[in-house]
1. Among the listed residues 207, 197, 170, identify the single one that is at pLDDT 95 or above and farther than 25 Å from residue 259 by Cβ.
2. Restricting attention to region 174-191, report how many residues are modelled with pLDDT of 95 or more and among the hydroxyl-bearing types (Ser, Thr, Tyr).
3. Can you tell me which residues in region 230-259 are of a type in the set (Asp, Glu) and either over 15 Å from the mean Cα position of the chain (by Cα) or modelled with pLDDT of 95 or more (or both)?
4. Which of the numbered conditions does residue 107 fail, given that it passes all the others? Conditions: (1) over 19 Å from residue 255 (Cβ atoms); (2) modelled with pLDDT under 85; (3) touching a helix residue (DSSP H, G or I) at 6+ places or on another chain (Cβ under 9 Å).
5. I'd like to check something: does region 45-59 contain any residue that is of a type in the set (A, V, I, L, M), touching a Leu at 6+ places or on another chain (Cβ under 8 Å) and either assigned to a loop (DSSP other than H, G, I, E, B) or at pLDDT 90 or above (or both)?
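The values are calculated or read from the model by the stated rules, or taken from the named source; none is laboratory data. Just so it is clear, the structure is predicted and the values come from calculations on it, not from any experiment. Because the Cβ atoms are built from the backbone with ideal geometry, glycine has one as well, and the counts that use them run over all protein chains shown.
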Amino acid sequence: MRPVDARTRSFAWILTLGICFVSGGATCARREVALTLPPPPPVLEASPGLEQVVAAVNRTASIRELSTNTATVDVLSMPGLPNLSATINLRKDRDFRLKANLPLVLGSGLDMGSNNSVFWFEVPEGMSRTLYYARHDQYSQQLNRAILPVDPNWITDALGLVQIDPANVVRGPVLRPDGKLEIRSVLPLPSGTYQRVCYIDAAGGHVTDQLLYSPTGALIAESHASNHQFYVEQNCALPHSVKFALNPINGQPLEMRIDVGIYSVNQILSGDPNLFVMPQSASNAVDLTTLSAGGTQAVAPASYQAPANYQPNTIGPMPYRGLVR
């Protein structure tokens, strides 16, 4: 088997975790969601029309901010990688920050973020760190040949905040054999017209699955959400477990799952004034608009080797502010 160099490993981080642009607690072993939440209350009647389904889905517009320090990232396409502790903070429309780390290993993890102008991924590369970044406007012009074939803001939708514009719907709602409703929409972007298919819970009116197709018809990204919690004040539901998959032009599909313990809704759990400012401390910086999927061997490592100083532990997620586990 061909050895995986540091640059290829960095791109594996980017492609695997960057698909979503997102997600704390970590253990060495894989684990399932500890708490199964009751289903959200029904809001849709039988055979609803497009207007009713769109209104139900778009209730998440009441959520402008999401924050958690109780999430777990499980990189399914790298089986040897322990679960990662992470925090998520996002503010619509483009402010986002994720920090995910191996427990007790300083500098072992990922820093991902976005603001109105730029998005970035800072990852370990050998003994140093490399910052990959791009301006939103420049990156969107070359999305069809970019190393990340999805808009980084896609993660906000995948985490449960998707909005459906009825003017862009080309099919649906259609009742699927599995009992869910299906709506297909077009997404006009500078690099072409994409299509997004949403599966919607026929009773609760929340999106459970999203499929994103490129202008050529290729499935380039998908998300599958479950374990929804209903938030009474916002009158909508959010998933606490989301599985993502990215299908890059080169390499095998890459997958990860995010489990969230508790969300703070419409409140950011951070007093950092630079929370949504791109970091400047990395020793190397690479503009993603200078890279293309066709010229980069973006494949995930076949296995993961933990750092020599890594010690497995059973520390769970950080408690939500003001609460004790």
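1. Details: 207 fails: farther than 25 Å from residue 259 by Cβ; 197 fails: farther than 25 Å from residue 259 by Cβ.
After ruling out the rest, the residue left standing is 170.
2. Result for region 174-191: 1.
3. 233
4. Every condition holds for residue 107 apart from (3).
5. Checking region 45-59: at least one residue is of a type in the set (A, V, I, L, M), touching a Leu at 6+ places or on another chain (Cβ under 8 Å) and either assigned to a loop (DSSP other than H, G, I, E, B) or at pLDDT 90 or above (or both).
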